[in-house]
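Beneath this line is the structure, given in structure tokens, with notes to follow.
All of the numbers you see were taken from the coordinates with simple rules; none came from a lab. Predicted model only: the values in this text are computed from it and were never measured. With ideal geometry, Cβ positions are generated from the backbone for all residues, glycine too; neighbour counts draw on all protein chains shown.
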């Protein structure tokens, strides 16, 4: 699946997602990082690129989703220092939801 990670997303998770076969573009690779780009613009950029946005910035992207802004999907995650586990959870979620258009999907850190 084509994904776009905003700049606060852990690079190790991105690398693991690529191992699973996902096409992940980072905000750094897209030259969109460290520019004070609004969350709405981040979501619009991901949509323009036809990519699902992956983020740990839950609150703001839930708000944008609820406002009805069209997108190719948003996967919001809690921070999980077990990056391999988090990548696997995202991968499994995407496999279970092949149609992500305008969907808000959640990956929460398992209780320890």
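Computed values, structure above
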read-out	value
Single residue of region 88-112 satisfying the filter (within 18 Å of residue 56 (Cβ to Cβ) and in contact with a strand residue (DSSP E or B) (Cβ under 7 Å, 6 or more places away or on another chain)) that is surrounded by the fewest Cβ atoms within 10 Å (Cβ to Cβ)	106
Any hit, region 18-25, residues being within 13 Å of the chain's Cα centre (by Cα), in a helix (DSSP H, G or I) and surrounded by 16 or more Cβ atoms within 10 Å (Cβ to Cβ)	no
Residue that is over 23 Å from residue 98 (Cβ atoms), loosely packed, with under 14 Cβ neighbours inside 10 Å and more than 10 Å from the chain's Cα centre (by Cα), where the choices are 79, 83	79
Residues (in contact with a helix residue (DSSP H, G or I) (Cβ under 9 Å, 6 or more places away or on another chain) and surrounded by 16 or more Cβ atoms within 10 Å (Cβ to Cβ)) located in region 38-59	39, 42, 43, 51, 52, 53, 54, 55, 57
